[in-house]
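The structure appears right after this line, and notes come after that.
The values are calculated or read from the model by the stated rules, or taken from the named source; none is laboratory data. What you are looking at is a predicted structure, and each value in this text was computed from that prediction instead of being measured. Positions of Cβ are backbone-derived with ideal geometry, glycine not excepted, and every protein chain shown enters the neighbour counts.
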Amino acid sequence: MKRSIYLDHAATTPLHPEVLEAMLPYLSGHFGNPSGAYALGRQAARAVNEARSSVAEVLGCRTREVVFTGAGTESINLAIKGVAFAQQLAGMGNHIVSCSTEHHAVLHSCEYLDRFGFKTTYVPADRYGTVSPQSIAEALTDRTILVSVMLANNEVGTINPVAEIAAAVRERAQQMRRRIPVHTDAVQAANSLDLNVAALGVDLLSLSSHKFYGPKGVGVLYLRGGTPFLPLQSGGGQERQRRAGTENVGGIVGTAVALRLAQANRQEYSSASRRLRDRIVEGVLAAVPNANLNGHPERRLPNNAHFSFEGAESDDMLAALDKHGIAASAGSACTSATWEPSHVLVAMGVPLSGAVAALRLTVGPENTDDEVDYLLSVLPEIVAQSRARSRGGASPK
Ligand SMILES: Cc1ncc(COP(=O)(O)O)c(C=O)c1O
């Protein structure tokens, strides 16, 4: 029987059974619209309110500072564009500081804002993908209206010192007598890192439920009270005028349960994932010649292993892994005719030959030693064959 081994937890995670159980009533009998002025509506509104309080407890913020959105991407768009437009209207400036290793949800939001007169400085990362507080602070000007730096990178798993970055921004902003809100994309962080917004010192934080065993299509935006913000969607007054549209009640209920579980299980999750991940890293580096581990050797997500196998090709390796029933990722986008090397790897200074030969393996505690053994038994040959085919003349597609 063909195996089915899931090693792409950075892309999405399975729904936790307790999450599904909590959601089911709201996908059937409890179908009311939370705005409805009758019992069924009040029941739905109560569920959304309870979910909001639960999320606020995990984030260590006030209940009204939690905004439910449709996915992490929407949360990030709301954070960046919502703050930028509000600051622009208030005449505060037009300059954003972010970094070159961010997810496209951040980078493309900043690019979109270019058309409205904004300018973004993309602070470079070091060879591990880390951004330093000093380089962020140095990029601030008297026109800066927002800083956005991710907590953990989705490709190489590197963890940024966000608390130190936020502190450096605060200090520099005070010297300039400005208030510069700090946003962090924490989409990859919920399973293993503390999300207390006071400890992180951030004004905005984005989450995506399906990355922590919750449902797809639900996100969270933490929006500190008093942060300049202009909503992007026009419509009803849901989410205290910050995100119009009838609430995804089942998804919101599931998100709250998933986030509670993520917080409660963080240590267990991290040690179980780390053990399997370390087995993969040690096994691959020992068995595959000329293999490089990308990302920070220690300050990285406990479930992330990311390699470059120079001379091989990502799409080739992924197809061969898939034939063996192993789901993995390259972390870079393959467009119709060309391999777009990952902007993250390019920003870290990984040579093109390494960037087109990347493989990301992200585990979860539900993976087993047997699955790791199987991966380690097939991967060296898969890399060798891809290298041989590549040497045979096929240029990277
Ligand atoms: C770091 C990071 N930010 C943002 C997103 C976007 O989240 P979603 O696809 O749930 O909207 C992802 C998803 O891969 C991510 O990894």
Check your understanding: Just a yes or no: is a residue in the stretch 112-120 within 16 Å of the ligand (Cβ to nearest atom) and assigned to a helix (DSSP H, G or I)?
Key -> yes
Point to revise | Single match in 9, 30 (criterion: modelled with pLDDT of 95 or more and away from the ligand (no atom under 16 Å from the Cβ)) | key: 30
Practice item. Using the structure shown, decide if residue 238 is touching a residue at least 12 places away in the same chain (Cβ under 8 Å), in the same structural domain as residue 53 (by TED's automatic domain parsing) and either within 16 Å of the ligand (Cβ to nearest atom) or touching a Cys at 6+ places or on another chain (Cβ under 9 Å) (or both). Key: no
Point to revise | Selected residue (only one of 44, 37 is touching a Gly at 6+ places or on another chain (Cβ under 6 Å) and over 30 Å from residue 199 (Cβ atoms)) | key: 44
Review point. Is there any pair linking a residue in the stretch 181-208 that is over 13 Å from residue 66 (Cα atoms) and among the aromatic types (Phe, Trp, Tyr) to one that is assigned to a loop (DSSP other than H, G, I, E, B) and more than 10 Å from the ligand (Cβ to nearest atom), with Cβ under 6 Å and at least six apart or on different chains, and which?
Key: none
Check your understanding: Which members of the stretch 56-76 meet the condition of being farther than 16 Å from residue 241 by Cα and within 16 Å of the ligand (Cβ to nearest atom)?
Key -> 71, 72, 73, 76
Practice item. Quick one: in the stretch 74-93, of everything that is surrounded by fewer than 20 Cβ atoms within 10 Å (Cβ to Cβ) and not aliphatic (A, V, I, L, M), which residue is nearest to the chain's Cα centre (by Cα)? Key: 85
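Every residue, every condition in (1) over 24 Å from residue 125 (Cβ atoms); (2) surrounded by fewer than 21 Cβ atoms within 10 Å (Cβ to Cβ), yes or no:
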site: 281; (1), (2): no, yes
site: 303; (1), (2): no, no
site: 322; (1), (2): yes, yes
site: 330; (1), (2): no, no
site: 344; (1), (2): no, no
site: 356; (1), (2): no, no
site: 365; (1), (2): yes, yes
site: 384; (1), (2): yes, yes
Review point. Taking strands (runs of 3 or more DSSP E) that fall entirely within the stretch 128-213, which contain at least 2 residues that are over 26 Å from residue 9 (Cα atoms) and modelled with pLDDT of 95 or more?
Key: 144-148
**Study point:** Residues satisfying the stated conditions in the stretch 214-235, i.e. away from the ligand (no atom under 16 Å from the Cβ) and either crowded, with 20+ Cβ neighbours inside 10 Å or in a helix (DSSP H, G or I) (or both)
**Key:** 223, 227, 229
Check your understanding: Can you tell me which residues in the stretch 61-70 are within 20 Å of the chain's Cα centre (by Cα) and surrounded by fewer than 21 Cβ atoms within 10 Å (Cβ to Cβ)?
Key -> 70
Check your understanding: Of the conditions (1) in contact with a helix residue (DSSP H, G or I) (Cβ under 7 Å, 6 or more places away or on another chain); (2) more than 14 Å from the ligand (Cβ to nearest atom); (3) in contact (Cβ under 8 Å) with a residue 12 or more places away in the chain; (4) not charged (D, E, K, R), residue 80 fails just one. Which one is it?
Key -> (2)
Exercise for review: Could you tell me whether the stretch 32-44 includes any residue that is touching a residue at least 24 places away in the same chain (Cβ under 8 Å) and part of a helix (DSSP H, G or I)?
Suggested key: yes
